[in-house]
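Bear in mind these aren't lab numbers, they're just calculated from the coordinates by the rules spelled out. Keep in mind the model is a prediction, meaning the values are calculated, not measured. Note: ideal-geometry Cβ built from the backbone for every residue, glycine included; neighbour counts use all protein chains shown.
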Amino acid sequence: MNSGYIKLHRKILDNPLVMKSSDHFTVWMYLLLNAAHKKYDTLIGSDRVTLNPGQLVTGRKKIAKDLKINESKIQRILKLFEIEQQIEQQTNSVSRVISIVNWADYQQSEHQSEQRVNNKRTLYNNTKKINNIYIDQFNQFWDLYDKKVSKPKAITAYKKALKKVDHKTIMDALKEQKKLWVGKDKSYIKHPTTWLNQECWDDELIQPSKPSLKPLFKKLPSGLYRAYCAKCGLDHLPNEYQLRESTSCCRDDFVPEKPEIKSTKEIDEQIVRSVFNYE
């Protein structure tokens, strides 16, 4: 027990209990110097007891004899240390086991302290690297996305998305979907946060069956287009995407000019010829 050393932090000078008097300080040093620095077994009378780091077997008579301080004063100092939660005591008729509270917090080895600092530094550096990778990958996504809205929310959504799919899957899907956004009004494009949260990288891509007809049609101030049903000539006001679909009246194509409509008789004759396949 008389080999090795202990750590003594300067902050002990700020402890009013230990610094209350020279006797208090002396008793505290005695406890620190005699406490076990590693786990070991010892005998108390005929009983074998395991002591953990920061514990010692002693008694007020022994402490008083070793320090040459009155036994009753030793008892009062130990009781005060216990009340102020500096130590814990387990006593019997033979001796007492004193445990120094929080021993491990300030008596770990220099190597352990340095290792803990290094571990924190490594964790910080690794976290920083991971965050940098996240940011670099997100910026690629952000630069490619056609609608740049609410970037902080999009970053959060992107990190959540990476728990489900990898960066390449997101980017490949976005590149394919961008082909459908060519010439599309941005108000119809989802916010990037919405695109990510709705897992749109898994969406089935349906290519438009027709090329854009927008240049052929007259665009009105409302943003809609003047168009007509190719079959019945009914006037319509579709938006850009409805132009790609069939008319609601006859399920036929939209045309930019009002067509010349055949008479009902001519239409009936055309239907008969097509059904019976004769001129």
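For the reader, a short list of remarks on this structure follows.
- Least to most buried among 60, 48, 76 (fewest other Cβ within 10 Å first): 48, 76, 60
- Here's how it looks for residue 87: its modeled amide H is under 5 Å from those of 82, 101, which are all 5 or more places away or on a different chain.
- Cα extents of the stretch 10-107 along the three principal axes, largest first (Å): 39, 31, 22
- Computed E for residue 230/residue 147 - FRET, C-beta separation, R0 45 angstrom, nearest 0.05: 0.85
- Residue-span extension gain [residue 244 to residue 91] - 0.36 nm each, minus C-alpha spacing: 46.0 nm
- If the segment from residue 181 to residue 220 were pulled out straight at 0.36 nm per residue, it would be longer than the present Cα-Cα gap by 11.9 nm.
- Per-residue ³J(HN,Hα) for the stretch 228-240, Karplus 6.51 cos²θ - 1.76 cosθ + 1.60, θ = phi - 60°, Hz, x for Gly and Pro: 9, 6, 5, 8, 9, x, 5, 6, 10, 10, x, 8, 4
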